[in-house]
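Worksheet: one structure, shown below.
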Amino acid sequence: MKSFKVLSIMLIPMALQACAHESASVVNAGSSHAVVEENYDKFEGFNRFSFEVNNQLDNYVLRPLAKGYRAVTTQYIRDRVNLALANLKEPMSSVNNILQGEFASGLKNIGRFAINSTLGLAGMYDVAGGGFGLEPHPSNFDMTLANWCVKDGPFIVLPIIGPTTPRAILGDAFDGLGNPVVVATYNDANTRDKILYPYFALSAVAARETNMEMLDDVKKSSVDFYATVRSAFLQNRKQINKCGVNTETESQTLDYDFDFDMDEED
Amino acid sequence: MKKIFIAVLSFFMLLSNVSNAAIDEIKATDFVKKVVKEGIEEIIDSNVSQKEKVDRFRTLFNKDLDLDFIGKFVLGRYWRTSTPEQRDAFIAAYRELNVKTWSGRFDDFTGKDFVFHGTTPSNNADQLFVNSSVDMGQGQQPAKVIWRVKQNDDSFKVVDIIIENVSLAITARNEYAAFIKKAPGGVDDLIKNLQAKTKDN
């Protein structure tokens, strides 16, 4: 996810998004008016319930694990882990960039994967971005579907998975099929237990660790944590939902009126 | 006749907006650059106590953000039904919570560099977006940070910051609207809650 990055540096809500994706906290949905997006929460009762379940799972499982992970590793090691995990997404980024007609980006993804998997020692070092000038161009199937003008569907929060939409779920499922770890363990129950599930767990814990301060801050300073996450999620989603536009390469127009008299609809 | 008058009037209004926007761009960008520079050099990277940093940050926050404007937007329709006392109390509480939250994150900004990429017009003639990005390190795309800047005569104020597609003002507005809708004491409950969050730990 593109939103992955900011996290470590800044303050508020996007942390949620990024983390969401990987860590059972949050990822993406559709709306047309940024300010009135609450209306798009058709399943608020269920969503709030799932959100609270996830919040408790975070308090009692994921966050303690992320704290432990931080305690037994150094930042240097965690950087290597994060880069190696990100490297596993390059193949599907390539497929999706190509599906969106972004051939140059798609080729760069392949170059990055080839170079970083080998010279970069299983992706732990971004040699391609440094020495070869191949900058990251992440993409995913959800963005491809958005680019193809497929509708997002309603905002839903699922246990474990977190905030999402039907299209985002479809996107994750499709991208999962091309993940090298999934492919390598596909036919063997034994390697699934030993490699695939630990891989998912590590991804979640590493993402939570990366977003530790930000997520903790938002949790602490929100008067309605659910509403904060939903708002951030839907705003980010709105930028992804550009029919026929590649949101990575096109400059984004982001506007909303500072219209003080506008009512949120009930 | 009236139609012609309106047409001419709107033509001139359009012109003046365009020319305003042209003046804005450079000055507004310079203003944001100055705010970032002050924030990073004189507060975050400076060699003073955390308490002094927080005090300096509060000063910067009050000077360069239009908090009345932001508060009005963030409270939305509840602004209109609030008393002047509630409005003042809300803005004070909102400011202190933000000062507290942001100053807890100073370390994350240490050594960060903002790169500026021009401006984007907004729907409001007196406001525009100043685009910037922050390097996030190896293997990561830079983070996108957009500043919504409002011009009041000759002075500029930040009225929103949009980080990776997420507007802080819209997020707060949605969050507070959701809270007030369910709170028996309405805006007063919100103010109390924000004050309590500022005091915690």
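Nothing in this text is a laboratory measurement; each read-out follows from the coordinates by a stated rule. This one's a predicted model, so the numbers in the text were calculated from it and none came from an experiment. Please note: Cβ atoms are built from the backbone with ideal geometry, for glycine as well, and neighbour counts cover all protein chains shown.
Take each residue of peptide B:142-149, count the partner chain Cβ atoms within 10 Å of its Cβ, and average: the result is 4. Computed over segment B:24-200, relative contact order equals 24 percent, with contacts defined as Cα pairs under 8 Å that lie 6+ residues apart.
Farthest toward the positive end of the dipole of segment B:39-81, out of B:39, B:79, B:57, is the Cα of B:79, where the dipole comes from beta carbon charges about the Cα centre.
Full extension of the segment from residue B:63 to residue B:152, taken as 0.36 nm per residue of separation minus the current Cα-Cα distance, would add 30.7 nm. A simple packing score, the average count of other Cβ atoms within 10 Å per residue, orders the peptides A:234-244, A:64-74 as A:234-244, A:64-74, with the highest score first.
The distance from the alpha carbon centre of segment A:164-215 to that of segment B:67-109 is 39 Å, rounded to a whole number. Anisotropy class assigned to segment A:79-160 is oblate, per the alpha carbon gyration tensor with a/c at or over the 1.5 cut-off and a/b no larger than b/c. With a threshold of 30 Å on the Cα-Cα distance, the over-threshold entries among B:51/B:192; B:63/B:112; B:51/B:157; A:220/B:112; A:242/B:37; B:51/B:182 are A:242/B:37; B:51/B:182.
Within chain B, the percentage of alpha carbon pairs spaced more than 29 angstrom apart rounds to 34%. Sequence-ordered 3J(HN,Hα) estimates for segment A:214-225 from the Karplus curve with 6.51, -1.76 and 1.60 and θ = phi - 60° stand at 5, 5, 4, 4, 5, 4, 6, 9, 7, 8, 9, 4 Hz, glycine and proline given as x.
Evaluated with a Cβ-only charge set (Lys, Arg +1; Asp, Glu -1), segment B:24-200 carries a dipole of roughly 620 debye about its Cα centre, given to the nearest 20. Hydrophobic long helices, here whole DSSP H runs in chain B with Kyte-Doolittle means of at least 0.5 and Cα atoms spread over 15 Å or more along the helix axis, are found at B:2-37. Taken as Cα centroids, segment B:126-187 and segment A:90-119 sit 33 Å apart, rounded to the nearest whole angstrom. Averaged over the residues of A:228-239, the number of partner chain Cβ atoms lying within 10 Å of the residue Cβ comes to 5.
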